[in-house]
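Just below is one structure, and these are the notes that go with it.
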Amino acid sequence: MTLPQRGLTRRQFGAGLASLATMVATTARSEAALPVIDTHAHVFHRELKLAPGRRYAPDYDAPLSLYLEQLDHNGMTNGVLVQPSFLGTDNSYLVDCLKQTNGRLRGIAVVDPAVSADELRTLDKAGIVGIRLNLVGQPLPDLAASEWKGLLASVKAMGWQVEIQRNASDLAVLAPQLLDLGVTVVLDHYALPDPKLGVADPGFQSVLKLGATKNVWVKISAPYRNGAAGESFAKEAYPLLRSAYGLDRLLWGSDWPHTQFEATQTYAKNRKFRDTLIVDERERAQVLASPRPLFRF
């Protein structure tokens, strides 16, 4: 006996195709709408007043217009400007740049621990979303001191982040102290382990454990700041960081204009390395979009 075939009518088939096309188009629009965010760059020019005691001063200009060109040429929708350490706590140029871009950029400021709450609120309105502690070559701060407690309480109240640049062994001590105070922590440049030890650095291994807190982010940026074998280290470190933190807590940054490494680095070179590091396109898209809530895009 032959069973009757239950085939689709022409109308049902057409409706199914239309539904599929709509679903594909919606998915494509959704993926196209994902932001592509560069979370670490600097802008400056030589006429700006330099901070006393600086370790470095550039002999060239890296203006906002040139950075925006880098974003456009490399398919980036948004960027984050980090106050350069050589400009100290004068964030006026940073704030001016943010105001010019109508929300395309966010900023990370450098402030004095005694800064007033009113000053912080003014920065917040301008698009600043955190403070940076560049502690390379600096004494470690006493986070238990009253002025630091006051500053960090304000940072927490505003929902800002604390971004730290320091070697991994010290980050393993500092980050838990910040977490105990209830603030969100971002670690620069793969957490800067000892270049001789790489992923075997006990400090880096401790940083991996911080992923379980769900309140720490790591920037997979500037591999060249991790020694001559920085790219090889990054390729070892990335899967470990991905496993420990998840894709939503890894942040890519160009580190443009690559201060002190200008002779060997370009934006395009770092973008190309990023694509080599994160081969899967969907995974890469997730990493590039994940900073959206953290930076309030």
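The values are calculated or read from the model by the stated rules, or taken from the named source; none is laboratory data. Computed from a predicted model, the values in this text were never measured in an experiment. FYI the Cβ positions are ideal-geometry reconstructions off the backbone, even for glycines, and counts take in every protein chain you see. Side chains included, ligands, DNA and RNA excluded: accessible areas come from the protein's heavy atoms. Shrake-Rupley method; radii C 1.70, N 1.55, O 1.52, S 1.80 Å.
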Query raised in the report: Taking springs between alpha-carbon atoms closer than 10 angstrom, which of L250, L133, L81 fluctuates most in the Gaussian network model of the chain?
Result: L133
**Report entry** Cα-projected label distance for D248 with D280, points at 7 Å along beta-carbon direction, nm
**Finding:** 1.6
Query - 13 Å beta-carbon shell around P176, net charge (K/R +1, D/E -1) - result: -1
Query raised in the report: If you work out percent of Cα pairs over 33 Å apart from the coordinates, which of (1) 27; (2) 36; (3) 30 do you get?
Result: (1)
Report summary line: CD proxy, 222 nm, the chain: helix-only mean residue ellipticity via -39,500 (n - 2.57) per DSSP H run with n ≥ 4, per residue, nearest 500, stands at -13000 deg cm²/dmol
Query raised in the report: Where does helix 230-245 land angle-wise versus the long Cα axis of the chain, in degrees 0 to 90, nearest 10?
Result: 70
Report summary line: Residue-ordered couplings for segment 200-211, obtained by feeding phi - 60° into the Karplus form 6.51 cos²θ - 1.76 cosθ + 1.60 and rounding to whole Hz (Gly and Pro as x), are 7, 4, x, x, 5, 4, 5, 4, 4, 5, 5, x
Query raised in the report: If the limit is 32 Å between Cα atoms, which of K149/K219; K99/K196; K99/K235; K156/K219; K196/K269 go over it?
Result: K99/K196; K99/K235
Query raised in the report: How many angstrom separate the Cα center of segment 280-297 from the Cα center of segment 169-197?
Result: 21
Query raised in the report: Label R292 and E236 with points 7 Å out from Cα along Cα→Cβ: what is the distance between them in nm?
Result: 3.6
Query raised in the report: Ignoring ligands, DNA and RNA, what percent of the accessible area of the chain is carbon or sulfur (1.4 Å)?
Result: 53
**Report entry** Gaussian network model of the chain, Cα within-10 Å springs - most flexible of L210, L71, L48
**Finding:** L48
**Report entry** Neighbour net charge for H258 - beta-carbon separation under 12 angstrom, K R +1, D E -1
**Finding:** 0
Query raised in the report: Taking the chain as a Gaussian network, Cα atoms linked when under 10 Å apart, which of L192, L208, L140 shows the biggest mean-square fluctuation?
Result: L140
Report summary line: Taking a ≥ b ≥ c as the square roots of the eigenvalues of the Cα gyration tensor, with a/c under 1.5 meaning rounded and otherwise prolate when a/b exceeds b/c and oblate if not, segment 255-297 is oblate
Query raised in the report: What angle, in degrees between 0 and 90 and rounded to the nearest 10, separates the Cα long axis of helix 168-180 from the longest principal axis of the Cα atoms of the chain?
Result: 80
Report summary line: Percent of all alpha-carbon pairs of segment 201-297 at distances over 16 Å, whole number, is 57
Report summary line: Per the rule of 0.36 nm per residue minus the C-alpha distance, extending S116 to R46 adds in nm 22.4 nm
**Report entry** C-alpha long axis of helix 267-277 to longest principal axis of the chain, angle in °
**Finding:** 60
**Report entry** Listed residues R271, R282, R106 arranged by accessible area, highest first, probe 1.4 Å
**Finding:** R282, R271, R106
Report summary line: Amide H neighbours of R132 at under 5 Å, excluding residues fewer than 5 places away on the same chain, with H built from the backbone geometry, are A109, V110, V111, E163
Query raised in the report: Accessible area per residue, 1.4 Å probe, Å², for the chain: what's the number?
Result: 50
Requested in this report: Using label points projected 7 Å from each Cα along Cα→Cβ, tell me how many nm separate K125 and K272, to one decimal.
Outcome: 4.6
Query raised in the report: Quick one: net charge of A200's neighbours, Cβ under 10 Å, K/R +1, D/E -1?
Result: -2
